[in-house]
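Peer 1: First, the structure itself, so that you have it in front of you.
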2 protein chains.
Amino acid sequence: MSSRSSAKRADALRSIDAILQAAAECLGRNPEASLSEIARAAGVGRVTLYAHFASRAEVVDAAMARAIERGNAALDSVDLTGDPRLALARLVEASWHLVDEARALLVAAQRELSAGRIRELHDGPASRVETLVARGRAEGVFRTDLPISWLVNVLHTVMHSAADEIRAGRLAPDHAAAHITATVLAAFTPPGKLVPELGDPR
Amino acid sequence: MSSRSSAKRADALRSIDAILQAAAECLGRNPEASLSEIARAAGVGRVTLYAHFASRAEVVDAAMARAIERGNAALDSVDLTGDPRLALARLVEASWHLVDEARALLVAAQRELSAGRIRELHDGPASRVETLVARGRAEGVFRTDLPISWLVNVLHTVMHSAADEIRAGRLAPDHAAAHITATVLAAFTPPGKLVPELGDPR
């Protein structure tokens, strides 16, 4: 009985993972994808989907949480020590495409979840960036005349806009990380100080 | 007969203007506002609305075009001569709230119009910024290591994000123009040059 229940549990976990993977893909292509489409893409029935998720909002919430958790796990391997400017460059290099991948999912999340919940889901990645920005300010390489929350917002917003520019065909994906880094490092430089030269960003 | 037809024409223009004004307000509050709601807010009947606009998309398109035209007219009075950095500061001061006001309308436009059409509508304001950025590059005060299209995009995206930060309660409207200007002027500074000091942006 205990081995049967553990097999059932493993089945359930596999179904849930397949549903959330399918949700990320379907919602990424179309933020209005239905639960039937998601169930079909996951290879499970609607009954199975509803056994695990009470509503579309629950599916979107869990898919978003999973995408952010995976992104966070990938970022855990980024070295954020040393010169905060170089650390920021490494963070951008490792994370801009995660932001891009999560973007379409975010559109679905914005229609289905509250702004507060979306913010809560982003707390992990946001605090990582906040810590780095605070260290850069303490070391005198990032500006202190604008609030940390604003600087973090600038980084996010420039990463998001790079994804938009790629989709619009105005930016080659290969150039994205360098463009973002060159822009944000300059934006973070204290007034009266030199903008760092990190080599030609093109 | 000619005075009767000119009176009818004046009536029609008044109705159209009332409809587009109501559309901007209704769609600003709710991007999914229906044509019935818009007609009611404009104080015209649905028949009158349909006499002037064949579809919801036509109303959204015309409302967006009107908002941009008005914004452009307001910007015509901004002095964009002299030091390109100070000109950019004046442009931000005069335009960030227009961007904010047009934002909600843009959400409706993005659901109803093609990306190409939205871009076309923005061509006027975008070319104004492009010209200023190109002049700043020619005079050596704005960076040339990133494409003009990217720099224009950074300005737009930072203005949009200021509006988001205000809505989220993380930025006081009084600080918006100074935050945007401080951020964008630094972002536009060529690597190896000093970030300009324009006084404390807070």
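The values are calculated or read from the model by the stated rules, or taken from the named source; none is laboratory data. Because the structure is a prediction, the values reported are computed rather than measured. Cβ sites come from the backbone with ideal geometry, for glycine too, and all protein chains shown count toward neighbours.
Peer 1: Would you please name the residue that is surrounded by the most Cβ atoms within 10 Å (Cβ to Cβ), looking only at residues in the stretch B:178-202 that are of a type in the set (G, A, S) and more than 7 Å from chain A (Cβ to nearest Cβ)?
Peer 2: Our first condition is that a residue be of a type in the set (G, A, S); within the stretch B:178-202, this holds for B:178, B:182, B:186-187, B:192, B:199.
Cutting the leftovers down to more than 7 Å from chain A (Cβ to nearest Cβ) gives us B:178, B:199.
Values: B:A178: 19, B:G199: 9.
Per the stated criteria, the residue is B:A178.
Peer 1: Let me spell it out: the conditions are (1) closer than 23 Å to B:A134 by Cα; (2) part of a helix (DSSP H, G or I); (3) among the hydroxyl-bearing types (S, T, Y), and B:S3 meets all of them except one. Which number is the exception?
Peer 2: For B:S3, the exception is condition (1).
Peer 1: Which residues, taken from the stretch A:13-45, are assigned to a helix (DSSP H, G or I), closer than 30 Å to A:R167 by Cβ and among the hydroxyl-bearing types (S, T, Y)?
Peer 2: If the condition is that a residue be assigned to a helix (DSSP H, G or I), closer than 30 Å to A:R167 by Cβ and among the hydroxyl-bearing types (S, T, Y), then A:S36 is the only one that fits.
Peer 1: Can you give me the number of residues within the stretch B:140-152 that are closer than 14 Å to B:L88 by Cα and out of contact with any Phe, Trp or Tyr (no Cβ under 9 Å at 6 or more places or on another chain)?
Peer 2: Total meeting the criteria: 1.
Peer 1: State which residue is nearest to A:E25 (Cα to Cα) when the search covers only the stretch A:109-125 and only residues that are more than 13 Å from chain B (Cβ to nearest Cβ) and in contact with a Lys or Arg (Cβ under 9 Å, 6 or more places away or on another chain).
Peer 2: Among residues in the stretch A:109-125 that are more than 13 Å from chain B (Cβ to nearest Cβ) and in contact with a Lys or Arg (Cβ under 9 Å, 6 or more places away or on another chain), the one nearest to A:E25 (Cα to Cα) is A:A109.
Peer 1: Then there's this: Select from the stretch A:163-202 the residues that are among the hydroxyl-bearing types (S, T, Y) and part of a loop (DSSP other than H, G, I, E, B) and list them in ascending order.
Peer 2: Taking the stretch A:163-202 and keeping what is among the hydroxyl-bearing types (S, T, Y), we get A:181, A:183, A:189.
Across the stretch A:163-202, the qualifying residue is only A:T189.
Peer 1: Just checking, which of B:T81, B:T48 is in a loop (DSSP other than H, G, I, E, B) and not hydrophobic (A, V, I, L, M, F, W, C)?
Peer 2: Numbers: B:T48 fails: in a loop (DSSP other than H, G, I, E, B).
Answer to the selection: B:T81.
Peer 1: Going by the structure shown, is B:E93 under 20 Å from B:A162 (Cα atoms), assigned by TED's automatic domain parsing to the domain that holds B:T157 and not hydrophobic (A, V, I, L, M, F, W, C)? Break it down stepwise before answering.
Peer 2: Values: under 20 Å from B:A162 (Cα atoms): yes; assigned by TED's automatic domain parsing to the domain that holds B:T157: yes; not hydrophobic (A, V, I, L, M, F, W, C): yes.
Yes; evaluated as a whole, the condition is true for this residue.
Peer 1: Another question, if that's okay. Of all residues in the stretch B:143-162 being facing another protein chain (nearest Cβ under 8 Å) and more than 17 Å from A:L171 (Cβ to Cβ), which is modelled with the lowest pLDDT?
Peer 2: B:H160
Peer 1: Is it fair to say A:R128 is in contact with a helix residue (DSSP H, G or I) (Cβ under 6 Å, 6 or more places away or on another chain), in a helix (DSSP H, G or I) and away from every other protein chain (no Cβ under 11 Å)?
Peer 2: Judged against the criteria, A:R128 is not a match.
Peer 1: Taking interchain pairs and intrachain pairs at least six residues apart, which have beta carbon atoms under 6 angstrom, with the first residue in the stretch A:87-98 and closer than 19 Å to A:A67 by Cβ and modelled with pLDDT of 85 or more and the second surrounded by fewer than 18 Cβ atoms within 10 Å (Cβ to Cβ) and of a type in the set (A, V, I, L, M, F, W, C)?
Peer 2: A:L91/A:V78; A:A94/A:V78
Peer 1: Further question: So B:A108 ticks every box in (1) touching a residue at least 12 places away in the same chain (Cβ under 8 Å); (2) out of contact with any Gly (no Cβ under 9 Å at 6 or more places or on another chain) but one. Which box is left unticked?
Peer 2: Of (1) touching a residue at least 12 places away in the same chain (Cβ under 8 Å); (2) out of contact with any Gly (no Cβ under 9 Å at 6 or more places or on another chain), only one is false for B:A108: (2).
Peer 1: Just for the stretch B:43-62: of the residues that are within 28 Å of B:R103 (Cβ to Cβ) and small (G, A, S), which one is surrounded by the most Cβ atoms within 10 Å (Cβ to Cβ)?
Peer 2: For the stretch B:43-62, the residue satisfying everything is B:A62.
The rows are residues; the columns are (1) buried (at least 18 other Cβ atoms within 10 Å of the Cβ); (2) basic (K, R); (3) part of a helix (DSSP H, G or I).
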{"position": "A:A102", "(1), (2), (3)": "yes, no, yes"}
{"position": "A:Q110", "(1), (2), (3)": "no, no, yes"}
{"position": "A:R119", "(1), (2), (3)": "no, yes, yes"}
{"position": "A:R135", "(1), (2), (3)": "no, yes, yes"}
{"position": "A:V141", "(1), (2), (3)": "yes, no, no"}
{"position": "A:S149", "(1), (2), (3)": "no, no, yes"}
{"position": "A:S161", "(1), (2), (3)": "yes, no, yes"}
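Peer 1: Ok, one more. Being within 9 Å of chain B (Cβ to nearest Cβ) and either crowded, with 19+ Cβ neighbours inside 10 Å or closer than 23 Å to B:R167 by Cα (or both) is the filter; apply it to the stretch A:163-177 and report the residue that is modelled with the highest pLDDT.
Peer 2: Per the criteria, the residue is A:L171.
Peer 1: So if I check each of A:A10, A:A54, which one is small (G, A, S), free of Cβ contacts under 8 Å to residues at least 12 places away in the same chain, outside any helix (DSSP H, G or I) and farther than 30 Å from A:V133 by Cβ?
Peer 2: Details: A:A10 fails: outside any helix (DSSP H, G or I).
So the residue among A:A10, A:A54 that is small (G, A, S), free of Cβ contacts under 8 Å to residues at least 12 places away in the same chain, outside any helix (DSSP H, G or I) and farther than 30 Å from A:V133 by Cβ is A:A54.
Peer 1: Let me ask something else about it. Quick check on this structure: which one of A:A23, A:A67, A:A39 is buried (at least 16 other Cβ atoms within 10 Å of the Cβ), of a type outside the set (K, R) and in the same structural domain as A:A163 (by TED's automatic domain parsing)? Working first, answer last.
Peer 2: Details: A:A23 fails: in the same structural domain as A:A163 (by TED's automatic domain parsing); A:A39 fails: in the same structural domain as A:A163 (by TED's automatic domain parsing).
Just one listed residue meets the conditions, A:A67.
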